[in-house]
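A.B. asks: Below is a structure I'd like to ask you about.
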Amino acid sequence: MVTLSGGHTIGRSHCTSFSSRLYNFNGTTSQDPTLDAAYAARLKQMCPQGSTDPSLVVPMNPASPATTDAGYYLDVLANRGLFTSDHTLLTNTATATQVNINARDSILWKRKFAAAMLKMSKLGVLTGNAGEIRANCRIINS
């Protein structure tokens with residue numbers, strides 16, 4: 001999963017997918033304390049509190065949002081992972097070690113990522129009535 005998380009190196013996210021890290025993080029802190037303060041301030045400028053505007057999106061990897069590279073791992077190490085799941089990679093010794101290795105060796109990460117994507121492509125795809133295309137990827141269609 002650490003290798004596949006590197007897919008966050010490209011793409012954008014809607015503000016509503018991570019705004020809980022910026023506002024109302026928990027009962028005692030409004031902002032996730034594990035998030036780099038300067039990065040959080042930039043995110044707050046792009047994603048105002050309470051906004052539900054679906055056109056508001058930010059890059060998942062601000063340094064190189066359109067390039068498939070290991071920059072994502074450098075961001076995670078600098079506490080600039082956009083999602084809680086990104087930061088969670090640092091909370092376990094084994095996954096944190098993998099983050100560090102991937103950050104140091106972009107070529108190795110690209111090889112591992114390609115192999116993981118190939119392996120994932122061999123999973124059985126549901127077709128016809130056996131599966132569904134979700135209107136919202138997080139919710140089973142009604």
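Bear in mind these aren't lab numbers, they're just calculated from the coordinates by the rules spelled out. Bear in mind the structure is a predicted one, so any value in this text is a computation, not a measurement. Cβ: placed from backbone, ideal geometry, glycine included. Neighbour counts: every protein chain shown.
A.B. asks: For the chain, modelled as a Gaussian network with Cα springs under 10 Å, which listed residue fluctuates most, PRO54, PRO62, PRO33?
C.D. replies: PRO54
A.B. asks: Which whole-number percent gives the relative contact order of region 2-116, counting Cα pairs below 8 Å spaced six or more residues apart?
C.D. replies: With pairs under 8 Å counted, the relative contact order is 35 percent.
A.B. asks: Okay, moving on. Could you check how many percent of all C-alpha pairs in region 27-142 are farther apart than 23 Å?
C.D. replies: Within region 27-142, distances greater than 23 Å cover 48 percent of Cα pairs.
A.B. asks: Going by a 4.7 Å Cβ-Cβ cut-off, which cysteines of the chain have no partner at all?
C.D. replies: Within the chain, the cysteines lacking a partner Cβ under 4.7 Å are CYS137.
A.B. asks: When only Cα pairs under 8 Å and 6 or more residues apart are kept, what is the percent relative contact order across region 68-126?
C.D. replies: 36
A.B. asks: For HIS8, HIS14, what's the fewest-to-most ordering of other Cβ within 10 Å of each Cβ?
C.D. replies: HIS14, HIS8
A.B. asks: May I ask for the longest run of the chain untouched by trypsin sites (Lys or Arg not before Pro) that are loop-located per DSSP and have at most 14 neighbouring C-beta atoms (other than their own) within 10 Å?
C.D. replies: Here the longest run is 1-121.
A.B. asks: Okay, next question. THR34 to ASN136: FRET efficiency via 1/(1 + (r/R0)^6), r the Cβ-Cβ distance, R0 25 Å, to the nearest 0.05?
C.D. replies: 0.35
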